[in-house]
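Take a look at the structure set out below.
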Amino acid sequence: MSHCIMGKLSEFPFIRGMRQNWQSILLILTPLILLPVIIIGRTAEFRCAYVILIMATYWISEVLPLSVTALIPVVAFPTLGVLGTKTVCIVYMKETTVLFLGGLMMAVAVEHCNLHKRIALFVLLRVGQSPKRLLAGLMLITTFLSMWISNTATAAMMVPIVEAVVEKIEETKVAQTSRKEALEPGDEEPHEETRFMEPEKSQNRLLEQEEGSLKYEEPADCHVASRRLSYSHKTRPRSRESRHAIKKMFFLGVAFAANIGGTGSPLGCGPSIVVFSILQNTFGEGTGLNFASWMMFNIPGMLVCTALGWFWLQIFCRTSGFCKKKKREDDADELDENQQQSIREFLLSQYRALGPITQHEAIVSTFFVVLVFLWVFRSPGFINGWAHLFGKSRENKLYIHNASPAVLMVFLLFCIPKSFKKALETDEDPSQQKPLETCLSWEVVNKQIPWGIVLLLGGGLAVAEGAKVSGLSRWMGNGLQYLEFMPKGAIAFLLCLFMAMMTEVASNTATASLFLPVIKDLALAIGVNPIYLMLPAAVCCAYAFMLPVATPGNAIILKRAGLETREMIRAGFVMNILCVITATIMINTLGRAFFDFETFPDWAKNVTSTVP
């Protein structure tokens, strides 16, 4: 009955028009519906809350591009008297934003010289070629790359590698099964000659290939009659299901690892930049949270979450409907020695196709290692870092921050030629000389940098600044003081769970920008070290495993793996819970070893003493 009524209602032009134009309607109605917020409460806190609620609605519904919504504070805050235009615009290009941009450019340099492909193939050759080992290798590679490259870019990089590996696994299974069926009793199985293709050709063939039409050519010198053995979903439905099972498991592993890896370094995801910016602007540099302490605390947790993801995918594949273990020998998940050797030879051929390490790769990798060293040892805390050699300002602050070495390394990559040999060559005809190719060019950077993320980060920092100056975050933090009766560990767990659920429906940077200022003031109100609540909450903003809308990387994986949304939700929900529990345990164990959570820190007392 209800379906009939809805069907009849949808026939009306007005209802049909609303369904088709709901985004435009929501775009217009949201500011009007929220007007009572500034009419009832005429203070700066309510005016700031009005802007934040509008931005939160637009970010969650995505009626506008995320980066466009991030520009609203430039207009709304000055108009409503929350912040001046000059103050708002400065926030968009703060030191943390330049640091993030420098990290993105270095990531583009790594991708431009194909260093990520060499690292991926090298690791896959070392971990082993069984499906379990390949899954572990793919997750470790993705985790490492995602520490320095955005999760979306990392997922996109890993897609052709995963598809090529899955194709080769299926080729070896189909070929072996078909040969066994073709052999007469008493015949010996022919030796398999593995044929390889160039990396790009292999990937293109796989992308253009229709599912269920994989074909294998027998070697011409085989004593079995030379013929084409074909595989289709009509004749081998179980093999097709097995192929899809491995493909989905691998892609889910990449999706999980891309999100987890972003927590390993301060540049891996936007929330880490947001938490650094809030702590630095509020408390200065004496908090103890820096590049070195962030990595020492988060890398162990990152590895634990990656291992849990690997174990969970094994369980999920044996209990879910799409990936049950087959009883037939030819459909088993495990590969025999010949099949693993075939896959190893395939990976080795792809690795050799890259050729020897080029000068371009050597320069980029060297600069990358030097940059990480400069970041970690700028001011590690346990010793005086190299930045102390350049002195301090009158406010006892270091002159050099993490953005300076990032910009220096990127600047040098724009200056150094990718091949000194070609740079020294001279043509007889000067008109035929080509411009000198450097390790990084502006054309490449301009094409590959996701400029919208930079604006999104700037908008998030503007929201945090507006909430701080207007007093909104302090007002909300004081309103949550009733949580003081709860154990501190329970508060941390609930906040982590809340942030992990929120980031499923909103950008992780937007989620961190909206709620971390409130969490900071909550910690001050209940007398807890702000790092104790802010650090795990920021980390959990990266745990977007359930929905394709949570992050573009998830959407890429969902489409290329042929996953259904409900399958990603089932797998991602458990991962969310496991990672939230891990973050809570880590902050109460390893966190206490790096940060003093037993007493309220002096650097926080200095701030609370000035708060009315």
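The values are calculated or read from the model by the stated rules, or taken from the named source; none is laboratory data. None of these values were measured; they are calculated from a predicted model. Because the Cβ atoms are built from the backbone with ideal geometry, glycine has one as well, and the counts that use them run over all protein chains shown. Ligands, DNA and RNA are excluded from the accessible area calculation, which covers all protein heavy atoms including side chains. Shrake-Rupley method; radii C 1.70, N 1.55, O 1.52, S 1.80 Å.
Can you name the residue in the stretch 317-360 that is of a type in the set (Asp, Glu) and part of a helix (DSSP H, G or I) and, of all such residues, is modelled with the highest pLDDT?
Glu345
For the stretch 557-610, which residues satisfy the criterion of being at pLDDT below 90 and part of a loop (DSSP other than H, G, I, E, B)?
Those that are at pLDDT below 90 and part of a loop (DSSP other than H, G, I, E, B): Gly562, Leu563, Glu564, Phe595, Asp596, Phe597, Glu598, Thr599, Phe600, Pro601, Ser609, Thr610.
Can you pull out the residues in the stretch 446-466 that are assigned to a helix (DSSP H, G or I) and open to solvent by less than 20 Å² (accessible area, probe 1.4 Å)?
Once the filter is applied, which keeps residues that are assigned to a helix (DSSP H, G or I) and open to solvent by less than 20 Å² (accessible area, probe 1.4 Å), the stretch 446-466 yields Val454, Leu456, Leu457, Gly458, Gly459, Gly460, Leu461, Ala462, Val463, Ala464, Gly466.
Using the structure shown, decide if Arg19 is at pLDDT 65 or above, within 24 Å of Leu83 (Cβ to Cβ) and basic (Lys, Arg).
No.
Among the residues in the stretch 424-444, are any assigned to a helix (DSSP H, G or I), modelled with pLDDT of 85 or more and open to solvent by less than 70 Å² (accessible area, probe 1.4 Å)?
yes
Exactly one condition in (1) in contact with a helix residue (DSSP H, G or I) (Cβ under 6 Å, 6 or more places away or on another chain); (2) modelled with pLDDT under 90; (3) farther than 14 Å from Val165 by Cβ is false for Thr143; which is it?
If we test Thr143 against (1) in contact with a helix residue (DSSP H, G or I) (Cβ under 6 Å, 6 or more places away or on another chain); (2) modelled with pLDDT under 90; (3) farther than 14 Å from Val165 by Cβ, just (2) comes out false.
Does Asn529 fit the bill of being of a type in the set (S, T, N, Q) and either under 16 Å from the mean Cα position of the chain (by Cα) or modelled with pLDDT under 85 (or both)?
So Asn529 does not fit the description; no.
Which of the residues spanning the stretch 88-102 are of a type outside the set (Ser, Thr, Tyr) and either in contact with a Lys or Arg (Cβ under 9 Å, 6 or more places away or on another chain) or assigned to a helix (DSSP H, G or I) (or both)?
Selection gives Val88, Cys89, Ile90, Val91, Glu95, Val98, Leu99, Phe100, Leu101, Gly102.
Among the candidates Ala490, Ala506, Ala500, Ala512, which residue alone is in contact with a Phe, Trp or Tyr (Cβ under 6 Å, 6 or more places away or on another chain) and either within 21 Å of Asn588 (Cα to Cα) or at pLDDT 85 or above (or both)?
Ala500
Conditions (1) assigned to a helix (DSSP H, G or I); (2) among the aliphatic types (A, V, I, L, M); (3) closer than 26 Å to Ala550 by Cα; (4) touching a strand residue (DSSP E or B) at 6+ places or on another chain (Cβ under 9 Å), marked per residue:
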| site | (1), (2), (3), (4) |
| --- | --- |
| Lys468 | yes, no, no, no |
| Trp475 | yes, no, no, no |
| Asn478 | yes, no, no, no |
| Ala492 | yes, yes, yes, no |
| Ala500 | yes, yes, yes, no |
| Thr509 | yes, no, yes, no |
| Ala512 | yes, yes, yes, no |
| Phe515 | yes, no, yes, no |
| Lys520 | yes, no, yes, no |
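Select, from Lys392, Lys418, the only residue that is surrounded by 20 or more Cβ atoms within 10 Å (Cβ to Cβ) and modelled with pLDDT under 85.
Unique residue meeting the criteria: Lys418.
Determine which single condition Met502 fails, assuming it passes every other condition in (1) farther than 23 Å from Leu267 by Cα; (2) under 21 Å from the mean Cα position of the chain (by Cα).
Result: Met502 fails condition (1) only.
Confirm whether Phe493 is within 31 Å of the chain's Cα centre (by Cα), crowded, with 17+ Cβ neighbours inside 10 Å, over 25 Å from Val91 (Cβ atoms) and aromatic (Phe, Trp, Tyr).
yes
Could you tell me which of the residues Asn478, Asn508 is of a type outside the set (A, V, I, L, M), buried (at least 23 other Cβ atoms within 10 Å of the Cβ) and at negative phi?
From the options Asn478, Asn508, the qualifying one is Asn508.
Please work out if Phe545 is under 24 Å from Val275 (Cα atoms) and over 17 Å from the mean Cα position of the chain (by Cα).
Here the answer is no, as Phe545 does not meet what is asked.
Taking the stretch 546-598 on its own, how many of its residues are hydrophobic (A, V, I, L, M, F, W, C), open to solvent by 40 Å² or more (accessible area, probe 1.4 Å) and closer than 22 Å to Gly489 by Cβ?
Summing the residues that are hydrophobic (A, V, I, L, M, F, W, C), open to solvent by 40 Å² or more (accessible area, probe 1.4 Å) and closer than 22 Å to Gly489 by Cβ in the stretch 546-598 gives 8.
Against the condition within 22 Å of the chain's Cα centre (by Cα), over 21 Å from Phe276 (Cα atoms) and of a type in the set (Gly, Ala, Ser), how does Ala76 come out, does it pass?
Considered against the rule, which asks whether it is within 22 Å of the chain's Cα centre (by Cα), over 21 Å from Phe276 (Cα atoms) and of a type in the set (Gly, Ala, Ser), Ala76 comes out as no.
Within the stretch 290-323, work out how many residues are farther than 18 Å from Gly137 by Cα, open to solvent by less than 20 Å² (accessible area, probe 1.4 Å) and either touching a strand residue (DSSP E or B) at 6+ places or on another chain (Cβ under 8 Å) or hydrophobic (A, V, I, L, M, F, W, C) (or both).
Adding up the residues that qualify gives 6.
If you scan the stretch 338-390, which residues turn out to be touching a Phe, Trp or Tyr at 6+ places or on another chain (Cβ under 9 Å) and aromatic (Phe, Trp, Tyr)?
If the condition is that a residue be touching a Phe, Trp or Tyr at 6+ places or on another chain (Cβ under 9 Å) and aromatic (Phe, Trp, Tyr), then Phe346, Tyr351, Phe368, Trp375, Phe377, Trp386, Phe390 are the ones that fit.
Listed here are the residues, each with its yes/no results for (1) surrounded by fewer than 19 Cβ atoms within 10 Å (Cβ to Cβ); (2) part of a helix (DSSP H, G or I); (3) aromatic (Phe, Trp, Tyr); (4) within 26 Å of the chain's Cα centre (by Cα).
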residue	(1), (2), (3), (4)
Ile60	yes, yes, no, yes
Val82	no, no, no, no
Lys86	yes, yes, no, no
Leu104	no, yes, no, yes
His116	no, yes, no, yes
Thr143	no, yes, no, yes
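Return only the number of the condition from (1) under 18 Å from Ala307 (Cβ atoms); (2) not in a helix (DSSP H, G or I); (3) not charged (D, E, K, R) that Met139 does not satisfy.
Of the numbered conditions (1) under 18 Å from Ala307 (Cβ atoms); (2) not in a helix (DSSP H, G or I); (3) not charged (D, E, K, R), the odd one out for Met139 is (2).
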